[in-house]
1. Specify the residue that is farthest from Gly249 (Cα to Cα); the eligible residues are those in the range 139-154 that are buried (at least 24 other Cβ atoms within 10 Å of the Cβ) and in contact with a Ser or Thr (Cβ under 7 Å, 6 or more places away or on another chain).
2. State the number of residues belonging to the range 364-387 that are within 14 Å of Leu242 (Cα to Cα), of a type in the set (Gly, Ala, Ser) and under 21 Å from the mean Cα position of the chain (by Cα).
3. Within the range 254-307, work out how many residues are among the aliphatic types (A, V, I, L, M), part of a loop (DSSP other than H, G, I, E, B) and within 10 Å of the ligand (Cβ to nearest atom).
4. Can you tell me which residue among Gly124, Gly92 is over 29 Å from Tyr361 (Cα atoms) and away from the ligand (no atom under 16 Å from the Cβ)?
5. Out of everything in the range 19-61 that is of a type in the set (A, V, I, L, M, F, W, C), in contact (Cβ under 8 Å) with a residue 24 or more places away in the chain and in contact with a Ser or Thr (Cβ under 9 Å, 6 or more places away or on another chain), what residue ends up being nearest to Val117 (Cα to Cα)?
6. Assess whether Ala207 counts as being among the small types (Gly, Ala, Ser) and either crowded, with 22+ Cβ neighbours inside 10 Å or closer than 14 Å to Thr52 by Cα (or both).
7. Among the strands (runs of 3 or more DSSP E) contained in the range 318-433, which hold 1 or more residues that are small (Gly, Ala, Ser) and either modelled with pLDDT under 95 or surrounded by fewer than 18 Cβ atoms within 10 Å (Cβ to Cβ) (or both)?
8. Go through Leu158, Leu132 for me and flag whichever is open to solvent by less than 10 Å² (accessible area, probe 1.4 Å), farther than 20 Å from Ser248 by Cβ, of a type outside the set (Val, Ile, Thr) and modelled with pLDDT under 95.
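The values are calculated or read from the model by the stated rules, or taken from the named source; none is laboratory data. Predicted model only: the values in this text are computed from it and were never measured. For neighbour counting, all protein chains shown are included, and Cβ atoms are generated from backbone atoms with ideal geometry for every residue, glycine included. In case anyone asks, the SASA skips ligands and DNA or RNA and just uses the protein heavy atoms, side chains included. Shrake-Rupley method; radii C 1.70, N 1.55, O 1.52, S 1.80 Å.
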Amino acid sequence: MQLFSTNNPDHLVDLKRATMEGLAPDKGLYLPTTIPTLPASFWETLKDKDFTTHAYELASTLLQGAIPEEALKEIIEEAINFPAPIVSLEPGMDVLELFHGPSLAFKDFGARFMSRVMSYYNRGESDPLTILVATSGDTGGAVAAGFFDTPGIEVIILYPKGKVSPLQELQLTTWGGNISAIEVDGVFDDCQDLVKQAFLDPDLKEAYRLSSANSINICRLIPQAFYYVEAYRQLNLKGAPLYFVVPSGNFGNLTAGLIAYKMGLPVAGFVAATNANDVVPRYFKTGAYSPSQTIPTISNAMDVGAPSNFVRLQTILGSTWNTIKEVLSGYAFSDASTREAMRTIHQQYGYIMDPHGALGYLAAQKIKSKNKKAHTVILETAHPTKFLKEVEQTLGTTLEVPKRLAELKDKESLKVSMDASYSSFKSYLLKAI
Ligand SMILES: *Cc1c(COP(=O)(O)O)cnc(C)c1O
């Protein structure tokens, strides 16, 4: 398997380098040079396969030997050890629940797979690998859960003080062992700047093995292709055109869907659902791509003004507006509409959806109004209790918190507090690693 940088098609690397670097040196994102199609036999026998079996077959086809088959099988069996069930709202409209992993969001798929691939590539190294990650909430929790207890890997998470929910904070700070959490007196951008500066610091670069686990790592996208196939396996479409509706922020989830599509998944279209951060829906309308300032919303995991995976999406589909519009569409909705949708879903179907999934429901309605025959699958990206206060206030009910989240309240927070200056962070790193 070879990968190229979206900034320079001649910059070719192997999967190990793409995984360990995350971002290409020219700041481009890595993509495979070829996305092979799966053989007809894969689809013919899909119904009889379990999730890990078809995930392994897809990965093996895509990776083309980048990781030996036995090791790859083991990685997938360990990483994908929770289900992605389809729940029907009504005939022709389903939900794909992606929140059954340890941190209750779909990011568990990416983080668990990436941690094991990094650990595989790190074997035989005598010095530990230190992963730095800046998070505004969900990514850090999934990365911590994914890397916890991974031999030879230390993880340092930076998050902005007072800007993550209390439960999210516990998901970052209660691990101990190889996971350290730093509460930075600043905003998310400060955390990200500290990480970026550390990577550029020659003192650290020479002395330590540093890597990142941010959302642009290609290793996080690969396992997200698996669950589109797992959704399709569970459906009985009876010839109806299939639309995946993807609540989107950085557009990694949607890009992973396109990888599955390129490998042969029979999809009529992908639909991006966004909040007020509507740069991609605006692009569909006007053909102009103009990133903007981030607007805070109740679906805060999607508050992204300049989605980094947009360039991947363009590269995979061929970059003209018309070719992109054949496969993709997108709709943006306000917080008020999101809350309204959460109430409707609860009343009509007795189903509780989080604000991100509720945006998906609204976009599914748009597709349905255009094409009555459409079969929509809405990706529910997080468990509603991750956004407990918002969901309870909107629905006027109390939710039952899953045990693995409720138990966190009894655990000790092990965070380190720090100001946002690089000198503080650097001296911490020099002592810690
Ligand atoms: C990260 C996240 C998203 C956005 O996913 P992208 O891949 O960045 O588009 C949506 N919903 C939830 C709950 C998330 O945590």
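1. Just the residues of the range 139-154 that are buried (at least 24 other Cβ atoms within 10 Å of the Cβ), to begin with: 139-144, 146-147.
So of that shortlist, the ones also in contact with a Ser or Thr (Cβ under 7 Å, 6 or more places away or on another chain) come out as 139, 141-142, 146-147.
Working: Thr139: 13, Gly141: 17, Ala142: 17, Gly146: 21, Phe147: 24 Å.
In this case the residue turns out to be Phe147.
2. 1
3. The total comes to 1.
4. Values: Gly92 fails: over 29 Å from Tyr361 (Cα atoms).
Checking each option against the conditions leaves just Gly124.
5. Taking the candidates together, the pick is Met20.
6. Values: among the small types (Gly, Ala, Ser): yes; either crowded, with 22+ Cβ neighbours inside 10 Å or closer than 14 Å to Thr52 by Cα (or both): no.
Criteria not met by Ala207.
7. On the way: elements: 328-332, 375-380, 416-419.
Correct list: 416-419.
8. Working: Leu158 fails: modelled with pLDDT under 95.
None of the other options fit; the residue is Leu132.
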